[in-house]
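The values are calculated or read from the model by the stated rules, or taken from the named source; none is laboratory data. In this text the structure is predicted, and so the values were computed from the model without any measurement. Positions of Cβ are backbone-derived with ideal geometry, glycine not excepted, and every protein chain shown enters the neighbour counts. Each accessible area value is taken on the protein alone, full model and side chains, heavy atoms only, with ligands, DNA and RNA left out. Shrake-Rupley method; radii C 1.70, N 1.55, O 1.52, S 1.80 Å.
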Amino acid sequence: QVQLVESGGGLVQPGGSLRLSCATSGIIFSMYNMAWYRQAPGKQRELVAVITTGGTANYADSVKGRFTIPRGSVKNTVYLQMNSLNAEDTAVYYCNAKHSVVDYWGQGTQVTVSS
């Protein structure tokens, strides 16, 4: 059974940092491109960051220079390091694993940026 379990969300003040984790099981992690998406209230889900099996990372323009997606020192885990957070980053963040036409999602973790 495939599982993607996100953690690390919460309430943070503007300018603060959070690190999200996505622990995977049931997949051959090295074969999957891993990504983080987010969905704010009333908005469509959007791609935030993706890291390929080859280690290439790409970011949405809105988070470039602030977010990074290391593939993880812990086995089968991907992270999203978020710095200089602002109110526009408030959303539910979802982990995604994709290989060819196979696509898996986590349940999401809430990130709220507010003073």
### Message
Going residue by residue through segment 1-23, is there one that turns out to be over 15 Å from the mean Cα position of the chain (by Cα), closer than 14 Å to Gln110 by Cα, among the hydrophobic types (A, V, I, L, M, F, W, C) and in a strand (DSSP E or B)?
### Response
yes
Over segment 89-115, the set of residues surrounded by 17 or more Cβ atoms within 10 Å (Cβ to Cβ) and part of a loop (DSSP other than H, G, I, E, B) is Thr90, Gly106, Gly108
Of those in segment 34-62 that are polar (S, T, N, Q) and modelled with pLDDT under 95, the residue farthest from Trp105 (Cα to Cα) is Thr56
Within segment 56-88, restricting to residues that are closer than 11 Å to Ala35 by Cα and among the aromatic types (Phe, Trp, Tyr), the one that is least open to solvent (accessible area, probe 1.4 Å) is Tyr79
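One line per residue, one yes/no per condition, for (1) in contact with a Lys or Arg (Cβ under 9 Å, 6 or more places away or on another chain); (2) open to solvent by 70 Å² or more (accessible area, probe 1.4 Å); (3) among the aromatic types (Phe, Trp, Tyr); (4) closer than 17 Å to Asn96 by Cβ:
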{"position": "Gln3", "(1), (2), (3), (4)": "no, yes, no, yes"}
{"position": "Gly10", "(1), (2), (3), (4)": "no, no, no, no"}
{"position": "Pro14", "(1), (2), (3), (4)": "no, yes, no, no"}
{"position": "Gly26", "(1), (2), (3), (4)": "no, no, no, yes"}
{"position": "Ser30", "(1), (2), (3), (4)": "no, yes, no, yes"}
{"position": "Asn33", "(1), (2), (3), (4)": "yes, no, no, yes"}
{"position": "Arg38", "(1), (2), (3), (4)": "yes, no, no, yes"}
{"position": "Pro41", "(1), (2), (3), (4)": "no, yes, no, no"}
{"position": "Leu47", "(1), (2), (3), (4)": "yes, yes, no, yes"}
Out of (1) at pLDDT 95 or above; (2) β-branched (Val, Ile, Thr); (3) closer than 13 Å to Cys22 by Cα, the one Ile69 does not meet is (1)
